[in-house]
Amino acid sequence: MSDENDSDLEEATDWLLRLRDRPGDRRLAEAGLRWRSSSLERQAAWDEAEMAWSALGRSEPALRHVWQRPPPAAWRSGGRAVIAAAALAACLALVLGPTLALWLEADYVTGTGETRVIRLADGSTVHLGPGSALKANSGRSAALLEGEALFEIARDPDRPFAVSAGGVEVRVLGTVFDLRMTSGMVDVELAKGAVEARYGSADGPGPAPLAPGEALSFSRATGEASRRPIAPEDVGSWRQGRLFVEDATLESVVEQIRRRHGAWIVLADRELAAKRVTGLYDLTDPDRALHALVAPFGGAVLSISPYLRLVSGL
């Protein structure tokens, strides 16, 4: 898609958002009609934007009653073009607001596509994944506030190391393990050593031990845990740009791809989001990974602009 077409699609998205926000504004509706009538390219951009939002269940075709007849082809827009990037930036600010507050609590953060290696005071090393946040507490403890991290814990038999994430606590002596948190799950994968993981307070169920080559997935809603095997060499494979998932929700995989993608990814189809997936995805090419993820279920990815991807079921 050319830069000019990107601009048309961004403007079309902006018109769609404004018209939905002010459905009774006749003047705005007429201005939108003039804009889309001014060229075949703009009409095509409008159709694509409207199709995307409709497919996602976000809208019915906007103000269809106003545009019942084909517009004059020669009618040129005299209205002021408003670039949709501004509207999208405002939307993203609202979406990311809680995350920003969370990151203010953290000692270490990474942005989209960024990784970081952290050396803790006790000699342990943390490989912090993209879009992640870590709080390093005093003593031998830390909290993963967002995202994913691989921990290489320095051995100290007298002082176990504790890491918390989304209601799950992992206690270790000296080991290598990966901890990942999404909106619905917390995953613990062990490459070396031994760990114990529990959900909730000490009054709840006892800790579950893991051996190398094992993984535990905890539901953040119920605390229910499921155990599965994993090759030790695949633990933390995100550091090599590979994502292995087994019986994960499609939504949780989209979250992981989103942390590596320069665009915001919108997944509004709840039926598609709940699909279970198993596979290997190339994180070095997030768009390709996204297409590979949804295609087996008849899903589609629409690139609205360099900053927005809409994922829908067909």
What residue, among those in the range 202-247 that are outside any strand (DSSP E or B) and β-branched (Val, Ile, Thr), is farthest from GLU146 (Cα to Cα)? ILE230
Which of (1) within 22 Å of the chain's Cα centre (by Cα); (2) part of a loop (DSSP other than H, G, I, E, B) does GLU146 not meet, given it meets every other one? (2)
Checked against (1) at pLDDT below 90; (2) surrounded by 17 or more Cβ atoms within 10 Å (Cβ to Cβ), GLU246 satisfies every condition except (2)
Return a yes/no flag: does the range 269-281 have any residue that is surrounded by fewer than 21 Cβ atoms within 10 Å (Cβ to Cβ), β-branched (Val, Ile, Thr) and more than 14 Å from VAL245 (Cβ to Cβ). no
Restricting to the range 25-51, what's the tally of residues that are of a type outside the set (Lys, Arg), crowded, with 19+ Cβ neighbours inside 10 Å and under 10 Å from ALA12 (Cα atoms)? 6
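Okay, residues lined up against (1) modelled with pLDDT under 95; (2) under 19 Å from ASP14 (Cα atoms); (3) more than 15 Å from the chain's Cα centre (by Cα):
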| site | (1), (2), (3) |
| --- | --- |
| ILE265 | yes, yes, no |
| ASP269 | yes, no, no |
| LEU290 | no, no, no |
| VAL294 | no, no, no |
| ALA300 | yes, no, yes |
| ILE304 | yes, yes, yes |
| LEU308 | yes, yes, no |
| LEU314 | yes, no, yes |
Quick one: what pairs do we get from the range 184-201, first residue assigned by TED's automatic domain parsing to the domain that holds SER226 and over 17 Å from ALA149 (Cα atoms), second among the aromatic types (Phe, Trp, Tyr) and crowded, with 21+ Cβ neighbours inside 10 Å, C-beta under 7 Å, 6+ apart or different chains? TYR199/PHE218
Sort out which residues of the range 148-180 are surrounded by 23 or more Cβ atoms within 10 Å (Cβ to Cβ) and not β-branched (Val, Ile, Thr), and write them in order of number. GLU148, ALA149, LEU150, PHE151, PHE161, ALA165, PHE177, ASP178, LEU179, ARG180
Kindly evaluate VAL117 against the criterion of being among the β-branched types (Val, Ile, Thr) and under 20 Å from HIS261 (Cα atoms). no
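Within the range 175-197, restricting attention to residues that are touching a strand residue (DSSP E or B) at 6+ places or on another chain (Cβ under 8 Å) and not in a strand (DSSP E or B), which residue is nearest to GLU105 (Cα to Cα)?
Residues of the range 175-197 touching a strand residue (DSSP E or B) at 6+ places or on another chain (Cβ under 8 Å): 175-181, 184-197.
Applying the additional criterion that residues be not in a strand (DSSP E or B) yields 175, 184, 193-194.
Details: THR175: 26, GLY184: 21, GLY193: 30, ALA194: 29 Å.
Within the range 175-197, the match that is nearest to GLU105 (Cα to Cα) is GLY184.
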Residues (under 27 Å from the mean Cα position of the chain (by Cα) and either exposed (fewer than 12 other Cβ atoms within 10 Å of the Cβ) or modelled with pLDDT of 95 or more (or both)) located in the range 182-196: SER183, VAL186, ASP187, VAL188, GLU189, LEU190, ALA191
Can you name the residue in the range 105-119 that is modelled with pLDDT under 95 and hydrophobic (A, V, I, L, M, F, W, C) and, of all such residues, is surrounded by the fewest Cβ atoms within 10 Å (Cβ to Cβ)? ALA106
Exactly one condition in (1) assigned by TED's automatic domain parsing to the domain that holds ARG171; (2) in contact with a strand residue (DSSP E or B) (Cβ under 9 Å, 6 or more places away or on another chain); (3) in contact (Cβ under 8 Å) with a residue 60 or more places away in the chain is false for ARG259; which is it? (1)
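Scanning for something under 30 Å from ARG155 (Cβ atoms), more than 19 Å from the chain's Cα centre (by Cα) and at pLDDT below 95, does the range 38-54 turn up at least one residue?
No, the conditions are met nowhere in the range 38-54.
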Give just the number: which of (1) part of a strand (DSSP E or B); (2) within 20 Å of ALA215 (Cβ to Cβ); (3) in contact (Cβ under 8 Å) with a residue 40 or more places away in the chain does VAL266 not satisfy? (2)
Residue ID - surrounded by the most Cβ atoms within 10 Å (Cβ to Cβ), chosen from residues in the range 130-143 that are part of a strand (DSSP E or B) and not hydrophobic (A, V, I, L, M, F, W, C): SER141
Just one of VAL277, VAL253 is in a helix (DSSP H, G or I) and modelled with pLDDT of 95 or more; which is it? VAL253
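The values are calculated or read from the model by the stated rules, or taken from the named source; none is laboratory data. Worth saying up front: this structure is predicted, and the values here are computed from it rather than measured. Glycine also receives a Cβ, built like all others from the backbone with ideal geometry; neighbour counts cover every protein chain displayed.
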